[in-house]
Amino acid sequence: MRHSIWLAAMIAFSAFLRPESAVAQEVLADAVKREFLHAWNGYKRYAWGHDALQPLSKTPHDWYGASLYMTPVDAYDVLLLMGLKSEAAETKQLILDSLRFDKDIEVQSFEVTIRLLGGLLSAYQLDGDKRFLDLAHDLGNRLLPIFDTPTGMPYRYVHLQTGKIRDSLNNPAEIGTCLLEFGTLSKLTGNPIFYDKAKRALVELFKRRSKTGLVGTVINVESGEWVRKTSHIGGAIDSYYEYLLKAWLLFDDQECKEMWEKSIGAVNTYLADTLHNGFWYGRVDMENGKLIETRFGSLEAFFPAVLALSGDLARASKLQESCYRMWTLHGIEPERIDYASMQATAKEYYLRPEIIESAYYLFHFTKDSAYVRMGENLFRSLVKYCRTEAGYAYLSDVITKEKADGMESFFFAETLKYLYLLFSPPATLPFNEIIFTTEAHPLRNTWRK
Ligand code: DMJ
């Protein structure tokens, strides 16, 4: 019996290794699960209980000195989705036995919100154990002081014990990416304060858009003045747009719908850029919409997913083609390119998920198997260039393929989750019943009347 299971696994794996074949989706899903386990076992062996594994040195890494269990919390829902029962059980025990937020550390609210608060809420919704919600509630309370600014837009850092806040220069992504998590916390605990604070932050930011309808990159949350006025869809702004759309869909919030519609109109008017080599979104001055830079990158590759979710499949598929062109330039995607010259201007690859996320959304909406084949190629290059003995590693240079010592929790929470879902039957996670947070934690509206 054991022998035949082993034989079946070997046959499936050798089918995956055949590069030219159109491999069946279930074979690909199994291969992703196997690679997940490879990285997970590395984390367990060398970094169990810590925030993350450094896969080259095989040492643990904690962001703030003391562990906040970033990898276990971020990965718990994907363990459940993959049906890895014993791994899920021991991870649950680790989190519930050991994770406490009463710690003498200062944290970056955005990162803790998307990885931990979101992870705990989806863990609660998928698993049902109220202790996940209690942890989320405790964390939410400790994060609340960030909103104590004259404008209602949050500070970036907060001390978990004292509530001391710091850094009044913030950006739209960090200001606007909390309503899904904070709002869900309100709905599940019955305490409206989290929804209200996060919503106000979003509205106050939206109110400060320029006459073009665009927002900039850095704003002072005490004075409400813009500090950097470059507008784009990349890091520091990206998930602000994502959350306008998704907060409307998850909470049926009509004000978010209006803010989304006005924002996407401006983005498509001023940022969209069609060149001989494809359809892109560039960088412009928020005041007048004038092009500043033909810069695009791995983070921008989330946008086809957002466009697809909003119903704009035409722009979504054109942009995904450009993202794939960026990926295939050197066989794996650089952090940043100049899309006019197609030169890599930042050569790292941080195991990011965004292009895979977009392939998953596009496959869901179009059922076009080209996106499965695209996902298969993305997966193959990940295995080829990033796999190490203990897990998966960043690349410091996509041209030389030199590796670097990092494997962030989003590699489990997003990169491998979206690959797995792309190849799995839709019933693995009913897309129409959930909204993914920006960290790919599925949230379900259980409070709808
Ligand atoms: C993730 O932490 C989130 O997706 C975030 O919104 C930005 N990107 C990283 C992964 O690239």
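Coordinate-derived values only; no laboratory data. Quick caveat: nothing in here was measured; it's all calculated off a predicted structure. Neighbour counts are summed over all protein chains in view; Cβ atoms, including those assigned to glycine, are modelled from backbone coordinates with ideal geometry.
With a cut-off of 10 Å between beta carbons, the residues surrounding F206 carry a summed charge of +1, where Lys and Arg count +1 and Asp and Glu -1. Under 5 Å from the amide H of K403 lie the amide H atoms of S396, each residue being 5 or more positions distant or on a separate chain, with H modelled from the backbone and absent for Pro and chain starts. Which entries in K44/K384; K199/K318; K92/K417; K347/K417; K257/K449 show an alpha-carbon gap greater than 27 Å? Check vs 27 Å cut-off fails for K199/K318. Could you state the number of Å between the C-alpha centres of segment 41-62 and segment 154-179? Segment 154-179 and segment 41-62 have Cα centres spaced 28 Å from each other.
Using a cutoff of 8 angstrom between alpha carbon atoms and counting only pairs six or more residues apart, the relative contact order for segment 100-269 works out to 20 percent.
Using only DSSP helix segments of four residues or longer, with each worth -39500 (n - 2.57), what per-residue ellipticity at 222 nm results for the chain after dividing by its residue count and rounding to 500?
-15000 deg cm²/dmol
Entry note, segment 290-449: relative contact order of 20 percent, from Cα contacts under 8 Å with a spacing of 6+ residues. Cα to Cα, under 17 Å, and not fewer than 8 places away if on the same chain: which lysines meet these conditions relative to K103? Cα-Cα hits under 17 Å: K164.
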